[in-house]
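These notes are about the structure you will find just below.
Every number in this text was worked out from the coordinates using simple rules, so none of it is lab data. Values in this document were obtained by computation on a predicted structure and should not be read as measured data. Every residue, glycine as well, gets a Cβ built from its backbone with ideal geometry; the counts of neighbours run over all protein chains shown.
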Amino acid sequence: MTPRYLSRILVMTVSLLPALACAASDDEMLRAFGEASHAKPFIPAETSKPQPTSQPKSTTKSTDQAELTRLRARINQLEKQQAESKRDKSQEALKRQQAESQKKLAALEAENQQQAQNLAKVTQELKAAQQQAADAAQRSVPQQSISDKQLAALQAEKQQLVEEVSTLKQALKDAQQQSRALSDMQKNAEALKVQQIESAKKLATLDAEKKQQTQDAAQLSKQLNEAQEAVKRSQEQLKKQHAADAELLNQQLREAHDAAKRSEDALKQQQAKNIATLTAELDNAKKHSTIALPETLPKSDADRDGYTLGQFIASNAVVQLQMVKDVGLNFSLDQLIAGLTTQLKTGTSAMRSEEMSQRYATMQESINKGMGKLIEKGYAQLDKQVEKRKTLRAENGVRWFAVKPAKAKLIPEQQVEVSVKVSTLGGKVINDFADDKVPFDSNLPPLLYDGMSLTGKGGAVEGWALAKDIFEREPLPPWVAPYDVIHYQLAIK
């Protein structure tokens, strides 16, 4: 192989190295440089004049310089695009750059494969040339000086090529880093886009929720206003109704009070009339009675006992007759005395039994109806006496009220001095005792025990009831009618 041919092979090898450095990976590029640097220097065969190598060197340097300039210009362009691009346009630019890079990478990979094949071929030829040079060195020693000069020149050129390849390698690393940075920026941009989409979705959801909340708040506000208006109308209606009810109640109370007053006046007039009629009839009966009234007091015990019994029977009969007159039933006192006299003396009757039974049943029915009205009237009088007062206790028909607060409640078996006065609403006294020393226990009369349990030393209470409600718990005289209002006053020293 001639030196000229070897020089051409070296030039071709050096011209392939920059392209391999740009396209191949770092490991492949280092492996190519390693193979080139570890190859033994060749010794050419005979030659009269060394082939000048200035032309290939200049061509290689200019090619590498142009490639380096192109890469640097590309890097500057990418940096400029990165600096000038905005966030909204960066994604599309990155996608276009990535597509171009992928196309170039595919082209470089294809070229890399072709250059690898060429490099393998050149390497094989270089090894053959080196072998021939070694054989020639053994045959001719004078050619050594020429080969050494050529080798030194080639080594200097190789060193320069290595430096340029290192520069290109660094530029390639920078470009790869820039590419990775662009890829990271693209990923960040895509992540940012995803975040923007998620944020937009969340913002839309929040806007929808806010809109729904606004609608709900408006609906609730509307319902609240309607409810307030309804409550206001109800309050106004209720206020008007209360005013009307109060006016009606006041009117009814006034009418009831007037009716009660009229009834009371009428009852008093009727009682006065009945008393006057009864007195007149009694006087008339005394004048026309066939019973001989004693001129003098009875003398014997039998006469006195009979007279006393008659007086008691008559006194009870007067009370009963007064109640009959209160219910509005009229009768003749003369015929009442005649009936008593005939029955007492002879045991017979001038009237038939059937007629008397029928008349008695009719009178009894009238008395029961009239008694019910009198009891209702008694309750009305009782309510009037205790209205607007705070009740201590209301049980067994008695309503108790505080008159004077006590210093302390009584304890069982405590001895105290008690004063009690029981009377009717009309002022008739039923019972009256003062300063009686009694023990506080359950053996006391029921009303006395109830009153003492509600007060203590230094205190006083009063109870109001209708006579018919306390007949079984408090002894009352025969002249007390069931519809009489009873006033029970109790004080403890």
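Quick notes
- Members of region 345-368 found to be part of a helix (DSSP H, G or I) and among the aliphatic types (A, V, I, L, M), listed by number: 356, 361, 363, 367
- Being farther than 24 Å from residue 98 by Cβ, hydrophobic (A, V, I, L, M, F, W, C) and part of a helix (DSSP H, G or I) is a property that holds for residue 206.
- Checked against (1) more than 30 Å from residue 326 (Cβ to Cβ); (2) touching a strand residue (DSSP E or B) at 6+ places or on another chain (Cβ under 7 Å); (3) surrounded by 14 or more Cβ atoms within 10 Å (Cβ to Cβ), residue 417 passes all but a single condition, namely (3).
- Test: residue in region 384-396 that is closer than 12 Å to residue 490 by Cα and surrounded by 14 or more Cβ atoms within 10 Å (Cβ to Cβ): no
- Unmet requirement for residue 442, which otherwise passes all of (1) part of a strand (DSSP E or B); (2) among the polar types (S, T, N, Q); (3) under 60 Å from the mean Cα position of the chain (by Cα): (1)
Results for (1) among the hydrophobic types (A, V, I, L, M, F, W, C); (2) farther than 25 Å from residue 312 by Cα; (3) part of a strand (DSSP E or B), shown as yes or no for each residue.
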{"position": "419", "(1), (2), (3)": "no, yes, yes"}
{"position": "423", "(1), (2), (3)": "no, no, yes"}
{"position": "426", "(1), (2), (3)": "no, no, no"}
{"position": "473", "(1), (2), (3)": "no, no, no"}
{"position": "490", "(1), (2), (3)": "yes, yes, yes"}
